[in-house]
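Undergrad: One structure, pasted below without further comment.
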């Protein structure tokens with residue numbers, strides 16, 4: 001959906017109210033005007049669809065995927081969850097899904113962050129991410145350009161599903177993908193004393209959880 005610049009004449013009081021609504025929503029005047037006009041005309045904007053996807057993800061995380069704690073979404077089309085690793089002091093992993101409202105090439109990006117001073121854990125997570133990438137590349141032929149590994153940090157660019165699924169299905173897929181990644185990471189970290197066993201168990205979990213729907217991401 002393209003965007004263009006238009007000139008409109010508005011009452012000053014309406015502009016003030018519009019700016020106040022935009023500030024409360026964490027957005028700008030143009031985006032708020034676009035949102036209000038779309039709602040009045042019964043038109044769903046890309047931002048509306050993203051909010052619908054995040055609503056699905058939040059509901060699923062609260063009802064079916066209890067290992068994932070919802071942190072919420074923001075005006076920048078980003079939804080965040082967190083989970084505790086079963087490792088020593090139970091460090092917290094943060095999963096952030098950012099969806100691109102106007103991209104015709106990619107759906108968005110998943111980012112994983114974990115703050116730790118533990119060099120052993122940092123190295124283990126980097127090894128786990130490399131394992132995850134290898135599993136996806138071998139089975140799904142995903143290009144290397146979709147991934148970025150930086151110690152305890154990880155980013156995975158998400159592809160647009162080819163079956164043009166709706167917001168409900170997309171929210172379900174994204175939540176299941178994060179849940180699968182989270183469960184595999186926990187298995188891996190639970191067996192760090194034996195790296196071969198850790199990799200085998202995580203790979204087995206990945207194979208059980210990966211399906212045709214998730215493979216499109």
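Undergrad: What residue, of 115, 82, is touching a strand residue (DSSP E or B) at 6+ places or on another chain (Cβ under 6 Å) and without any contact (Cβ under 8 Å) to a residue 40 or more places away in the chain? Spell out how you get there, then give the answer.
TA: Details: 115 fails: touching a strand residue (DSSP E or B) at 6+ places or on another chain (Cβ under 6 Å).
After ruling out the rest, the residue left standing is 82.
Undergrad: Is at least one residue of region 176-192 loosely packed, with under 15 Cβ neighbours inside 10 Å and either within 20 Å of residue 109 (Cα to Cα) or at pLDDT 95 or above (or both)? Steps first, answer last, please.
TA: First, pick out the residues of region 176-192 that are loosely packed, with under 15 Cβ neighbours inside 10 Å: none.
For region 176-192, residues loosely packed, with under 15 Cβ neighbours inside 10 Å and either within 20 Å of residue 109 (Cα to Cα) or at pLDDT 95 or above (or both): absent.
Undergrad: Since residue 126 meets every condition but one in (1) under 21 Å from residue 215 (Cβ atoms); (2) in a helix (DSSP H, G or I), which condition does it not meet?
TA: (1)
Undergrad: Okay, moving on. Specify the residue that is surrounded by the fewest Cβ atoms within 10 Å (Cβ to Cβ); the eligible residues are those in region 193-207 that are out of contact with any helix residue (DSSP H, G or I) (no Cβ under 9 Å at 6 or more places or on another chain) and assigned to a helix (DSSP H, G or I).
TA: 196
Undergrad: Within region 128-138, is there a residue that is farther than 16 Å from residue 185 by Cα, surrounded by 13 or more Cβ atoms within 10 Å (Cβ to Cβ), assigned by TED's automatic domain parsing to the domain that holds residue 182 and free of Cβ contacts under 8 Å to residues at least 24 places away in the same chain? Break it down into steps so the answer makes sense when it comes.
TA: Taking region 128-138 and keeping what is farther than 16 Å from residue 185 by Cα, we get 137-138.
Still in the list and also surrounded by 13 or more Cβ atoms within 10 Å (Cβ to Cβ): 137.
Then keep just the ones that are assigned by TED's automatic domain parsing to the domain that holds residue 182; that gives 137.
Checking the rest, the ones that are also free of Cβ contacts under 8 Å to residues at least 24 places away in the same chain come to 137.
Yes, because at least one residue in region 128-138 is farther than 16 Å from residue 185 by Cα, surrounded by 13 or more Cβ atoms within 10 Å (Cβ to Cβ), assigned by TED's automatic domain parsing to the domain that holds residue 182 and free of Cβ contacts under 8 Å to residues at least 24 places away in the same chain.
Undergrad: Residues being touching a residue at least 24 places away in the same chain (Cβ under 8 Å), part of a helix (DSSP H, G or I) and farther than 28 Å from residue 58 by Cβ: count how many of those fall in region 139-176.
TA: Going through region 139-176 one residue at a time, the tally reaches 1.
The values are calculated or read from the model by the stated rules, or taken from the named source; none is laboratory data. The model shown is predicted, which means the values in this text are computed figures rather than measured ones. Counting neighbours? That spans all protein chains shown, and the Cβs are built from the backbone with ideal geometry, glycine included.
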